[in-house]
Every structure is written in C-alpha cells, then in structure tokens.
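This report refers to the structure that appears directly beneath it.
The values are calculated or read from the model by the stated rules, or taken from the named source; none is laboratory data. These numbers come from a predicted model, not from an experiment. Cβ sites come from the backbone with ideal geometry, for glycine too, and all protein chains shown count toward neighbours. In case anyone asks, the SASA skips ligands and DNA or RNA and just uses the protein heavy atoms, side chains included. Shrake-Rupley method; radii C 1.70, N 1.55, O 1.52, S 1.80 Å.
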Amino acid sequence: MIIENVRIYSPDRLYNPDKTYSLHIEDGVFTKVQEGSTGEIGAIDGEGRTVAAGFIDSHMHLLRYGLLKKELDLTEVTSWEDMKQEVEKHYTSIEDKNWIFGKGFDDAKFKDIDHLLTSEDLNEIDVNKHMYFMHHDQHECVISNKLLKKLEEEEDFYKQPEVFKERDQEGNLTGRFKDTMVHFINYHLWERSIEDTKKALCEAIPFLLQNGVTSVHSDDRSFVGSYKTLWDAYEQVEAQGDLHIEAFLHHYVYDEKDLDDFIRDMSFRTGEGTNHVKVGSIKIFLDGTQRLHTAAMRQPYPDAPETTGQLIYPQEDLNRMVRKASEAGMQVAMHALGDRAVESALIALEQEEANTHQLRHRIIHAQTLGEDLLERLGEVGAYIETQPTFLMAEWDKKGKWSPEELLPYCDSFKKMLTHQIPITLSSDAPIGSINPIDSVFAAVNRVDDNHNPKGGWMPQEKLTIDESFKAFSETPAHLEFQEQRKGQIKEGYQADFVFLNKFPSETDPLQLRSITVEETWTKGTCVYNRKDS
C-alpha cells in the first residue's frame, strides 16, 4: 500500500514541510518514505494533508475511563439533591441492586450542604446497600455504612496509614477515604467480571482512536480486582479484533508480598506479551495529592503549615521493592508528586541494583522539584511522566501548596529537558483530558481554558510544539523499549500515524486546540475516520 501526496510533521524536522512525500506500507510497517509522488496505480492520494506519528499516552487508566462511560457518571452534578436524583435515575430498580456505584462528584461545589459527604449522608439514598462514590479527581471516595462495616472486617485495613482515613471529632470513621485507601477499597471490596471489563474497554477504545492515541500505558488493576482478570479481558478483546491499539498494562502493588506474588505468578516481564497486550511496569504509590495535603513535601504547605504530607513507604521498604522488581526484569513506575516523595524515589533508583539506566524506570507527576532533585534526576536516568492539563486547573493554587521559592520548580517541564531528563506528556485520563492536543496546548502555553494568566504561568517552563509532540511519540516509545521501531514516521517503523487538519508547527500556539485528528491508523490499517463518525 502507498499513501502519497502527504506532508509529514516530525518533531525532529526529518522532513521538509514544504514538500510532499509518499508512504510505502507493508505488513503494518513503513517500508519506504519517498519524496514526491510515485505515480503508482492504486496509490492513495493524501491530498496534501498532514501526517504525524500516532500518540502514545504513557500514563492513563483505560479501564477506568471505559467504566466512567459505562457506569454512573456524576461529573455534571452540582448539588447533593442532583446527585441523589442521578443515582435513582441510573438505578431504576434500586431495591434489586447490591451495589450502587458512581464516579466524578465534586461535593466541595455543592451549595445545598455545608459539609463534605459522609456515610451518614448516603443513608438518604438507601440505608442497606453497598454504595461507593468516587470523587472527581479520583483521590477521594465516600462509602455507605454497609460497605464501611465490610471494610472494617478486612484485616489489612488496619495496616493502611491512618492519614488516608477520615475520622470525626469522636474518632469514628466518616466513610470518607483518600489516596491509597481508595485503591485499597477498589481492590479488596470490588471485583468486576471479565465480561464487564471487556465491555468497558470496548466503550473506551473508540475515544482513543478519535483522538489519535495508538498506544497506552494503563494502570487498571485496582478496578478489576486481579491482574489475571485484567490481562485475560484485554487478550479476549484482542482476539475478537477490537483492540486497535497496543496496551502496556501496569501492575499496581500494595505491599511487598503483592510484588512477590506477581514476580512468582507472571511469566511475562516488561515489554513482553502478545501482539497488542504487553506487561508494563510495577506501579508504586509513594504519596498522595497536594489538594488533600497528602503529597509528601520537604517543607510545610503554606495553607496547612501543620503538615508536610505523607510518605507511604519507609525508605528501606521502598528500596527493597525497587531492587526486587529490577532484579526480576521489571520496570518500575512510582507515583511521586511532592518533592519529598521524588527524593524518596531517587534514593531507591540510585541503588546499583535498580539498574535504572537499563530498565528506564519512571517517576509519575513530579509536580514539585528543586535544583538538587533535577541534577540527581539527570544523572540517574529516570523518565518523568507529566500531565500538563492538570496545570490548567491548578496554576492559581500552586502558591497554596508550595513555598514561593519553589514555584519556579512546579511543573518545571523546560528545566527537566535542560537537565537532560527525558519526559513524556500524558493524560492520566479520565482525570485529565484524553485528547493529546489538550496536553500539548497546556505544555506550550501554560494557561487555562480562558488563556489565563496572560503570557502563561511560569512562562520560562513552556515547551515548544516540537518538544511537546516528541514527548507524546518518540520518548514514550523509549519507555516501551521500542524506539527503533515505533514513535516516528521512518522506514522500518510501525505504521502508527494520524492525519491532522493542520500542520502543528505552523499553528499559533494559542490555537493549538483547533487541531483535530481526521484519521487514525494503527499497524498500517485505518481504524478511525472522522468522516464516518
């Protein structure tokens, strides 16, 4: 197959933007990239449109995204009354349900109650059901009294840090939980069938394709109960021909035993698997989030000077877990949002046994750094996964969470590149926008939806358009150990690409969100065409 008369956008400027090219594709691979047209009969006319490499989203939750589309979505509710009505509307036979489940509420914005929701409030919906509602940012949840009693029967519940369990003035649990407790509840109390998992994945995949995402690195184990169920569901979706992407599946571990069990039971290691489903990283949470003051900081929060957040693992335990994973040939991805958590991750990665340069371990978020951390990150060889769309909603709150002298080190994308730290852009969908162009817009402009603040927040940290696109294609391909066959439009590379309505580097930075995906191709096959949608 030949697609001719296309302009090729390459972040590394491999092709002349003033010229057109022909793409030769065979068995899902680019066999030749030729300047000009071929004159071959049967060649597809690209009509002078722009082609770019497909987007690789290195940090998201694909199953969770699909479940949000399939299950009760509370993202639009604006009051407690609205939320109750939505629950009753969704669960038309509420008396027949054992579980009531919903996602996306933000009760801090509710005007009809003067407090955040607790298990007592949920009694107004139904007093004898397992109810679980997840907050919009997915770092908090509130559960019913019935589910709370079930949780208290779990022996491991009492091993979880108290800071993630909300209690009232009398010391009683309120039914509201944060960060790792949310994952604990998901994993220990909620398990979906393979069929439900497959349905959710099939709900989600079309949204990836219409946004040009051809590969994902996804952390979903918490929402299905077991890695085997997750793996089997992906494999079955692949077998039925509906997995039009490559998926690298992370394994979120809760403790060292969990890691030991995975190493013992899973024969595949990072990068291994089927044609479309592969093992990703060992995922370890080191801290929480700044909004809840649970991200581990080296200095107190300006708006909560009594706390510096919480590290989940003692350093010796984390060091041992990283060594074990590395010695087993597993890449490690650590959620470390605050600078103290990043420092903890660095200590673990600097161990000789971590083999960080070879295994390409990653740190997720790293929203607050410092000059010393940047220098050490540059030396150790870790990758950082950033989520620029978060900055769009949080830039005006950064001063509440970080001391003034640290603000230039918040979401410091440019400093990371200057220190030779490889970074990726990613969505963290469904928390962030699944559209990569939104992330590119945020990284390039550092403004919100209304283009505030003027000129961008900490504008010295802006990325260029080319740097941003590279962080969504070439760099994440390195994390997959596929940089010699993926992430670029070149001879010998996998034919994952998109047609765009505009040439990115010729687009005004503030107009980047006008770029749309017209077609998505994976392994040489067109899997999405906007004209047909």
For segment 439-533, the percent of accessible surface on carbon and sulfur atoms (probe 1.4 angstrom, ligands and nucleic acids excluded) is 45
Enter the mean projected area of the convex hull around the alpha-carbon atoms of segment 13-155, in nm², rounded to one decimal. 16.2
Accessible-area value, Ser37, 1.4 Å probe, nucleic acids and ligands omitted, Å²: 70
At a 1.4 Å probe radius, which order do Val253, Val33 fall into by accessible area, largest first? Val33, Val253
Given Cβ point charges of +1 (Lys, Arg) and -1 (Asp, Glu) and nothing else, what value in debye, to the nearest 20, does the dipole of the chain about its Cα centre take? 840
As a test of reading the structure, rank Asp496, Asp255 by solvent-accessible area (1.4 Å probe, protein chains only), most first. Asp255, Asp496
Which order, highest average first, do 199-207, 132-140 follow once you tally other Cβ atoms within 10 Å for each residue and take the mean per peptide? 132-140, 199-207
Which is farthest toward the positive dipole end of segment 233-320 among Met266, Val277, Pro305, measuring Cα position about the Cα centre, with Cβ charges +1 (Lys, Arg) and -1 (Asp, Glu)? Pro305
Per residue, the convex hull enclosing the alpha carbons of the chain has a volume in Å³ of 152
Report the gain in length on full extension from Asp106 to Lys257: 0.36 nm times residue separation, minus Cα-Cα distance, nm rounded to one decimal. 50.9 nm
Given Cβ charges of +1 for Lys and Arg and -1 for Asp and Glu, the option among Trp521, Leu230, Leu201 whose Cα lies farthest towards the positive end of the dipole of the chain is Trp521
Enter the accessible area of Arg320 (Å², nearest 10), with the probe set to 1.4 Å and all protein chains included. 80
Could you state how much accessible area Asp232 has, in square angstrom rounded to the nearest 10, with a 1.4 Å probe and all protein chains kept in place? 40
So, for the chain, what is the accessible surface per residue at a probe of 1.4 Å, expressed in square angstrom? 39
Net +/- balance of residues flanking Ser344 in space, Cβ distance below 15 Å, scoring K and R +1, D and E -1: -1
Taking 0.36 nm per residue of separation between Ser37 and Ile113 and subtracting their Cα-Cα distance, the length gained on full extension comes to 20.8 nm
Under 18 Å from a label point 7 Å along Cα→Cβ of Phe481: give me every residue in segment 342-381 with its amide N that close. 353-363, 381
Accessible heavy-atom area order of His293, His217, highest first, probe of 1.4 Å: His293, His217
In debye to the nearest 20, how big a dipole does segment 29-163 give about its Cα centre with +1 on each Lys and Arg Cβ and -1 on each Asp and Glu Cβ? 460
